1. Among the residues of segment 375-395, how many are of a type in the set (V, I, T) and in a loop (DSSP other than H, G, I, E, B)?
2. If V117 satisfies all but one of (1) buried (at least 23 other Cβ atoms within 10 Å of the Cβ); (2) out of contact with any Pro (no Cβ under 7 Å at 6 or more places or on another chain); (3) among the β-branched types (V, I, T), what's the number of the condition it fails?
3. Consider segment 334-366. How many of its residues are over 23 Å from the mean Cα position of the chain (by Cα) and aliphatic (A, V, I, L, M)?
4. Any residue at all in segment 336-353 that is closer than 21 Å to L321 by Cβ, among the small types (G, A, S) and either modelled with pLDDT of 95 or more or out of contact with any Pro (no Cβ under 9 Å at 6 or more places or on another chain) (or both)?
5. Considering only residues that are among the hydrophobic types (A, V, I, L, M, F, W, C) and away from the ligand (no atom under 16 Å from the Cβ), look in segment 45-78 and name the one that is surrounded by the fewest Cβ atoms within 10 Å (Cβ to Cβ).
6. Go through A40, A88 for me and flag whichever is within 16 Å of the ligand (Cβ to nearest atom), in a helix (DSSP H, G or I) and not assigned by TED's automatic domain parsing to the domain that holds T241.
7. How many residues does segment 226-278 hold that are assigned to a helix (DSSP H, G or I) and aliphatic (A, V, I, L, M)?
8. Scan segment 349-369 and report the pairs whose first residue is in contact (Cβ under 8 Å) with a residue 40 or more places away in the chain and in a strand (DSSP E or B) and whose second residue is exposed (fewer than 12 other Cβ atoms within 10 Å of the Cβ) and among the small types (G, A, S), with Cβ atoms within less than 6 Å and a gap of 6+ or a chain change.
Amino acid sequence: MTVDEADRHRFLIPEEAAAIRARFGTPCYVYDRGTLEAAARRALAFPNAFGLTVRYAMKANSCAAVLRIFRDLELHLDASSDHEVERALRAGFAPERIALTSQAPSRRLEEFIPRGVRYTACSLLQLERFGAAFPGQGLTIRVNPGLGSGAMNRVNTGGPASSFGIWHEYLEEARAIALKHRLSIHGLHTHIGSGSDPAVWTRVADLVLGLAESLPTVSVVSLGGGFKVARMPGETETDLTVVGEAVRAAFVAFQERTNRSLHMEIEPGSYLVANAGAIVATCLDVVDTGADGYTFAKLDAGMTEILRPSLYGAQHPIDVLAEGRARASVVFVGPTCETGDILTPAPGDSEALAPRDVPRPEPGDLVLIGGAGAYCASMAAVGYNSYPAAPEVMRDGPGDYYEARSRQDLGSALANESGPA
Ligand code: LLP
């Protein structure tokens, strides 16, 4: 599936963007319920042989309004910290539908596990601590299968250069810890990176199933997230039915080989939310650096709302809503005093500027940044230059919005400051 020019913001037509600016101000995140639900339904239809759990990786977007939509569609959750578990519980998720898969050892296991929260040990230390606290219980282990993937190195979470999960050569050590504490390793989890191509998925499935073969107590295999989404025109999005068929076949072959019918989990983050979000922004200023330089449009949204371009050289569609304007080659930047606060870097190279051909922006113009539902509100440099967090708005249908989180005011940002005057 590719995204074409006309389909960029999918849900947000210019009139609606103007109405949102008038009502909530800019910068402002807007999420679309219909797009979120459609993506969830596609994920729930992922082909599988012996059962499927779709576990939304809530780190992509942990806004309660988004979580509640997925809760009502019966999705499960992948929480990546104690704090995310807390947010999931507050959004009304049953503890049994939340799995804590965290890089950091939990500080709240004694509270969460008796309530029913599921646990994935991501290191031998985590496994040891879980075993000491809850001998005899079942859990999942996250394994680094030795293979990584991802749209760029920064989002690759497998292979020898990645610290995530128990290195696959240490399964013997994991087994010994499990034995010591009478733990049952019933789940095997991997997540090798984000933005992976479909072919990688089949290889991951084979690798993980190979590991499952040496862990006879495993009945659930999670393949993690990382389905590629198409944010920019011309990009190709993962077709879940195609990937799913190949993965399904691998599970069937495993069953024929071992007589074990494994339940499958997938853990998409971006796939479920990326194209269900946009940032409505305003052009604040336009400057240039002379005949041999660049034209820069300064927006009121930048790394304080969307860090992905600065961090990864990630590409997001940017539309200047100005009819009939002459076109120009423009570099879009954010409002902070930071050279890296750039919205249009070269693909995969956050250091290089890549101007876009757009209607020449003027101060006051409305500008839309697309593909902003995943890792934008949840992963921004909020507070830098003391800009407060932007509001998040849910679009329930055409012209039907509610404020899911209001704009942060400086008072609440400073509320925890103390010390002598
Ligand atoms: N499961 C686990 C254990 C993960 O660590 C992640 C992402 C996911 C699932 C979901 O991956 P997704 O389907 O969203 O690709 N912040 C980056 C991506 C790195 C996310 C790290 N973990 C981005 O802006 O694309």
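1. Just the residues of segment 375-395 that are of a type in the set (V, I, T), to begin with: 382, 393.
Keeping just the survivors that are in a loop (DSSP other than H, G, I, E, B) gives 382.
Here the count works out to 1.
2. Exception for V117: condition (2).
3. Final tally of qualifying residues: 5.
4. Looking for residues that are closer than 21 Å to L321 by Cβ, among the small types (G, A, S) and either modelled with pLDDT of 95 or more or out of contact with any Pro (no Cβ under 9 Å at 6 or more places or on another chain) (or both), one finds none in segment 336-353, hence no.
5. Here is the first cut: in segment 45-78, the residues among the hydrophobic types (A, V, I, L, M, F, W, C) are 45-46, 49-50, 52, 54, 57-58, 60, 63-67, 69-70, 73, 75, 77.
Filter once more, keeping what is away from the ligand (no atom under 16 Å from the Cβ): 45, 49-50, 64-65, 69, 73.
Values: A45: 13, A49: 18, F50: 17, A64: 17, A65: 19, I69: 23, L73: 15.
The qualifying residue surrounded by the fewest Cβ atoms within 10 Å (Cβ to Cβ) is A45.
6. Among A40, A88, only A40 is within 16 Å of the ligand (Cβ to nearest atom), in a helix (DSSP H, G or I) and not assigned by TED's automatic domain parsing to the domain that holds T241.
7. Step one: filter segment 226-278 for residues assigned to a helix (DSSP H, G or I), giving 240-258, 270-276.
Retained after the next criterion (residues that are aliphatic (A, V, I, L, M)): 240, 242-243, 246-247, 249-250, 252-253, 272-274, 276.
Within segment 226-278, residues that are assigned to a helix (DSSP H, G or I) and aliphatic (A, V, I, L, M) number 13.
8. Listed by first residue and then by second, the contacts come to nothing, as the list is empty.
The values are calculated or read from the model by the stated rules, or taken from the named source; none is laboratory data. Small disclaimer: the values here were computed from a predicted structure and weren't measured. Because the Cβ atoms are built from the backbone with ideal geometry, glycine has one as well, and the counts that use them run over all protein chains shown.
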